[in-house]
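A.B. asks: This is the structure I want to talk about, given as structure tokens.
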Amino acid sequence: MPDIQLPDGSHRQFAEPVSGLALARTIGSGLAKAAVAMRVNGTLKDLSEVLDQDAEVAIVTRDSADGLEVIRHSTAHLLAQAVQSLYPEAQVTIGPVIDNGFYYDFAFPRGFTPEDLEAIEERMRALVKENLPVQRELLSREDAVALFEKMGEDYKVEIIRAIPEGELLSLYRQGDFVDLCRGPHVPSTGALGAFKLQRVAGAYWRGDSRNPMLQRIYGTAWAQQKDLDAYLQQLAEAEKRDHRRIGTELELFSIQEDAGGGLVFWHPMGARVRRIIEDFWRSAHVDAGYDLLYTPHIAHEQLWYTSGHKDFYAESMFDPMQDEGQSYQLKPMNCPFHILIYKDKLHSYRDLPIRWAELGTVYRHEMSGALHGLMRVRGFTQDDAHVFCRPDQIEAEIGAVLALVRKILGTFGFSQYEINLSTRPEHSVGSDEIWDVATQALRNALERAGLDYQVDAGGGAFYGPKIDLKIQDAIGRKWQCSTVQLDFNLPERFAMEYVAEDGTRKVPIMVHRAIFGSIERFFGVLIEHYEGKFPVWLAPVQAVVLPISEHYSEYAESVSDVLMKRGIRAETDLRNEKIGYKIRAHTLRRVPYLLVVGEREKEAGTVAVRDRNGQDLGALTIGAVGAALQKMDRERLNTLEWQG
């Protein structure tokens, strides 16, 4: 007679074994209808699983994180079934869940076309209507090999042969389709429906270019149609905001393939914005008690063995270069360089904390297929900082870091965050005592700052706990930018010390910290957040003066000169074009303010002001315009609300 404990602490007792779905029905018909799986003693299982012993059970509903993963995994199987129904010669390989959806790789003699995707999606919807039961089976390794060999599924056979002998394998059937899978899955295909196939890409079997090329079909799946509709709308909005297209249109940056992929070339307009970002970053750090460093781009290869990068990170590093019999390596990170500066002299406990920051350019060997505009590159500038402190200083230093993070990100218009506190993983370095002190210090700092956070149990790095912060942009997407990581490993590897109050030598705690993550990626996020419509303080050109004809060119230039002398980034458009053409052109350039001048303005010493959204602000004196733009720039306002 199983005794089932539910998440609220209540119990259900049964005279005989009961399935998860039957259990859900005893709790409520609404719960049973929304159920897609269950957790039994913490393990995710099918609702068809029979409960024959006492257990703690939580019913997983479709609108939960677990439920969404089950739905997406099951939709991947639905995709594979539809493909093989339409194209029996296609072999299935693997089909995992990914962020916001799923994919499945197929061995198919030709590339799938957009018309194929339409037909496949139509077949998937027909299979949903059939409401086919999804049933789990267990087979021996040998029987599974025999089954898939008979089906002609060579890739599945290869997967199974790599599994140790003697293990029972789980298979899932729905109609005439069978797939190797751990599960769990929804009870029937009728539980699915809010999905959309998106695109096809090539993918090498097992990610190895020496293996055959497969066809990868991507899709997205959600708990409800309204969620799918909202996601597709977000994708459409994201396409409008694509930083690669806007970067080209506004001449901000380029990726020059002749120089090698993943390397960013900053054009004059983009370089202006970057300089503004960097100048603000530097001043904010100096105000927060940091000293700024500059370190080399390469170092002797041995340094990266000492740091551990050559042992654990070599695949992401470029090959060493040789000089006079010595091996040098482009740096993938800045941390060892800051440590070497620390070790240049012996420090006292009175010297700590030491706060050092650097806009340090690093280089990482990313695969060409992973490169993506500014978001994934091979050379980028980290807004890196390290704090060296005593254990008793951790909480105060983390609190100060969080305050600086919020100040800097808030200045750029980001105020909504998702925060995770990642704790000690199974394999780690450092004593229990220091882990407990450090983790509690991070927790206290978050709570003192009044920040909501989630605990990622066991998600910390092997060398210390960390805080990760994702910012939310204008269309609701979340971007991982800021991170705060405590490190007990590198100080030990480099034999770092300070003289404690009692005269003994102690090892300092090292805090790794980035706010933007990298200048390149953060700039890409900014472009998409603002859709290229930078606020006045960030705009490469803050105002452009437009004479209605060549007769007013001299006056237009005098207006521009006055503004530039006040520190405003102003231009004059003296092209022999109609004023309507000029207004459209600079509106497309997303210049915040357009200042039109003609006979009336020349006589009155004014300009006719309009913003890039088409709002007419009327005639204003040059002094009033200059003062307003200066105020908006100085206060770093993130809207076009006129300050005149």
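The numbers here are math on the coordinates, done by the rules we state, and not lab data. Since the structure is predicted, the reported quantities are computational estimates derived from the model, not experimental observations. Because the Cβ atoms are built from the backbone with ideal geometry, glycine has one as well, and the counts that use them run over all protein chains shown.
A.B. asks: Using 0.36 nm times the number of residues separating Glu418 and Arg161, minus their current alpha carbon distance, what extension gain do you get? Present the calculation step by step, with values, prior to reporting the outcome.
C.D. replies: Working: separation 257, 0.36 × 257 = 92.52 nm, distance 4.19 nm.
Difference between extended and current length: 88.3 nm.
A.B. asks: Rounding to the nearest 10 and keeping the result within 0 to 90°, find how far the Cα-based axis of helix 114-130 lies from the longest principal axis of the chain.
C.D. replies: So the helix axis and the longest Cα principal axis differ by about 50 degrees.
A.B. asks: Moving on. Given labels modelled 7 Å from the Cα in the Cβ direction, how far is it in nm from Glu554 to Glu237?
C.D. replies: That separation, rounded to one decimal, is 5.1 nm.
A.B. asks: Angle, helix 432-448 long axis vs. longest principal axis of the chain, Cα atoms, 0 to 90°, nearest 10?
C.D. replies: 60 degrees
A.B. asks: For Leu340, Leu303, what ranking results if the residue with the fewest other Cβ atoms within 10 Å of its Cβ goes first?
C.D. replies: Leu340, Leu303
A.B. asks: On to the next question. By how many nm would the segment from Ala284 to Asp143 lengthen if fully extended, with 0.36 nm per residue of separation less the alpha-carbon distance?
C.D. replies: Gain on extension, Ala284 to Asp143, equals 44.2 nm.
A.B. asks: Right, here's the next one. Which of the lysines could a cross-linker span from Lys631 if the Cα-Cα distance has to be under 20 Å and same-chain partners fewer than 8 positions apart are dropped?
C.D. replies: Straight-line reach from Lys631, under 20 Å: Lys407, Lys533, Lys565.
A.B. asks: In whole Å, what three semi-axes, largest first, describe the equivalent ellipsoid of the chain built from its Cα gyration tensor (square root of 5 times each eigenvalue)?
C.D. replies: Result for the chain: semi-axes of 50, 36, 26 Å.
A.B. asks: In Å, the Kirkwood hydrodynamic radius of the stretch 543-634 over pairs of distinct alpha carbons?
C.D. replies: 12.8 Å
A.B. asks: Now a separate question. Taking a label point 7 Å from the Cα of Trp642 along the Cα→Cβ vector, which residues of the stretch 594-625 have an amide N closer than 13 Å to it?
C.D. replies: Taking a point 7 Å out along Cα→Cβ of Trp642, the residues of the stretch 594-625 whose backbone N falls under 13 Å are 594-596, 607-622, 624-625.
A.B. asks: Step through the residues of the stretch 225-234 one at a time and calculate ³J(HN,Hα) from phi using the Karplus curve (6.51 cos²θ - 1.76 cosθ + 1.60, θ = phi - 60°), rounding each to whole Hz and writing x for Gly and Pro.
C.D. replies: My calculation for the stretch 225-234 gives 4, 5, 5, 4, 4, 5, 5, 5, 5, 5 Hz in order.
A.B. asks: Moving to a separate point now. With no solvent and one equal point scatterer placed on each C-alpha of the stretch 3-61, evaluate the Debye formula and give log10 I(q)/I(0) for q = 0.23, 0.30 Å⁻¹, two decimals.
C.D. replies: The calculated log intensity ratios at q = 0.23, 0.30 Å⁻¹ are -0.86, -1.52.
A.B. asks: Along the charge dipole of the chain, Cβ charges K/R +1 and D/E -1, which of Leu44, Ser482, Asn576 sits furthest on the positive end?
C.D. replies: Of Leu44, Ser482, Asn576, it is Asn576.
A.B. asks: Can you compute the label reach from Gln198? Point 7 Å from Cα along the Cβ direction, backbone N cut-off under 11 Å, restricted to the stretch 452-489.
C.D. replies: none
A.B. asks: Which pairs break 32 Å Cα to Cα here: Lys33/Lys240; Lys240/Lys331; Lys310/Lys345; Lys343/Lys478; Lys129/Lys240?
C.D. replies: Lys33/Lys240; Lys240/Lys331; Lys343/Lys478; Lys129/Lys240
A.B. asks: Ser348 to Gln256: extension gain in nm, 0.36 nm per residue of separation minus the Cα-Cα distance? Write down the numbers at each step before the final one.
C.D. replies: On the way: separation 92, 0.36 × 92 = 33.12 nm, distance 4.85 nm.
That works out to 28.3 nm of additional length.
A.B. asks: Hey, what do the phi angles of the stretch 10-23 turn into as Karplus ³J(HN,Hα) couplings, whole Hz, using 6.51/-1.76/1.60 and θ = phi - 60°, x for Gly and Pro?
C.D. replies: Residue by residue, the stretch 10-23 yields 6, 10, 10, 10, 10, 6, 8, x, 9, 7, x, 5, 5, 4 Hz.
A.B. asks: Nothing charged except the Cβ atoms of Lys and Arg (+1) and of Asp and Glu (-1): what's the magnitude of the dipole of the stretch 3-61 about its Cα centre? Round to the nearest 20 debye.
C.D. replies: For the stretch 3-61, the charge dipole is close to 300 debye.
A.B. asks: How long are the semi-axes of the ellipsoid equivalent to the stretch 55-204, from square roots of 5 times the Cα gyration tensor eigenvalues, in whole Å, largest first?
C.D. replies: 23, 22, 14
A.B. asks: Still on this model: Taking the Cα centre of the stretch 67-230 as the origin, how large is its charge dipole in debye, to the nearest 20, when only Lys and Arg (+1) and Asp and Glu (-1) carry charge on their Cβ atoms?
C.D. replies: 240 debye
A.B. asks: Ranking Ile583, Ile59, Ile467 by Cβ neighbours within 10 Å, fewest first, what do you get?
C.D. replies: Ile583, Ile59, Ile467
A.B. asks: Under 19 Å between alpha carbons, and skipping anything fewer than 8 positions from Lys578 in its own chain: which lysines qualify?
C.D. replies: Partners within reach: Lys602.
A.B. asks: A follow-up question, please. Can you give the alpha-carbon Rg of the stretch 1-108 over 2.2 N^0.38 Å, where N counts its residues?
C.D. replies: On the way: Rg = 16.9 Å, N = 108, 2.2 N^0.38 = 13.0 Å.
Rounded to two decimals, the normalised Rg is 1.30.
A.B. asks: Apply 1/(1 + (r/R0)^6) to the Cβ-Cβ distance of Gln13 and Tyr87, taking R0 = 45 Å, and write down the FRET efficiency to the nearest 0.05.
C.D. replies: It comes out at approximately 0.35.
A.B. asks: I'd like the FRET efficiency for Gln135 and Gln322, computed as 1/(1 + (r/R0)^6) with the beta carbon distance as r and R0 of 51 Å, rounded to 0.05.
C.D. replies: About 0.25, to the nearest 0.05.
A.B. asks: A follow-up question, please. Within 10 Å of each residue's Cβ, count the other Cβ atoms and sort His77, His243 from fewest upward.
C.D. replies: His243, His77
A.B. asks: Give me the orientation-averaged projected area of the Cα convex hull of the stretch 478-621, in nm², one decimal.
C.D. replies: 14.2 nm²
A.B. asks: Run down the lysines and flag those whose C-alpha is under 24 Å from the C-alpha of Lys156, throwing out any fewer than 8 positions away in its chain.
C.D. replies: Those lysines meeting the cut-off are Lys45.
A.B. asks: Rounding to the nearest 20 debye, state how big the charge dipole of the chain is about its Cα centre with +1 on each Lys and Arg Cβ and -1 on each Asp and Glu Cβ.
C.D. replies: Dipole about the Cα centre, nearest 20: 1600 debye.
A.B. asks: Just to be sure I understand: of the beta bridges DSSP finds with both ends in the chain, what percent are antiparallel, rounded to 5?
C.D. replies: 85 percent
A.B. asks: For the chain, what does the relative contact order come out to in percent, with C-alpha contacts under 8 Å and a separation of six or more? The partial results should precede the final answer.
C.D. replies: Working: 1208 pairs, mean separation 54.8, N = 644.
Once normalised by length, the contact order is 9 percent.
A.B. asks: Moving on to the next point. Please find the FRET efficiency linking Arg600 to Lys565, where r is the Cβ-Cβ separation and R0 is fixed at 25 Å, and quote it to the nearest 0.05.
C.D. replies: On the way: r = 24 Å, r/R0 = 0.97.
Efficiency, from the Cβ-Cβ distance: 0.55.
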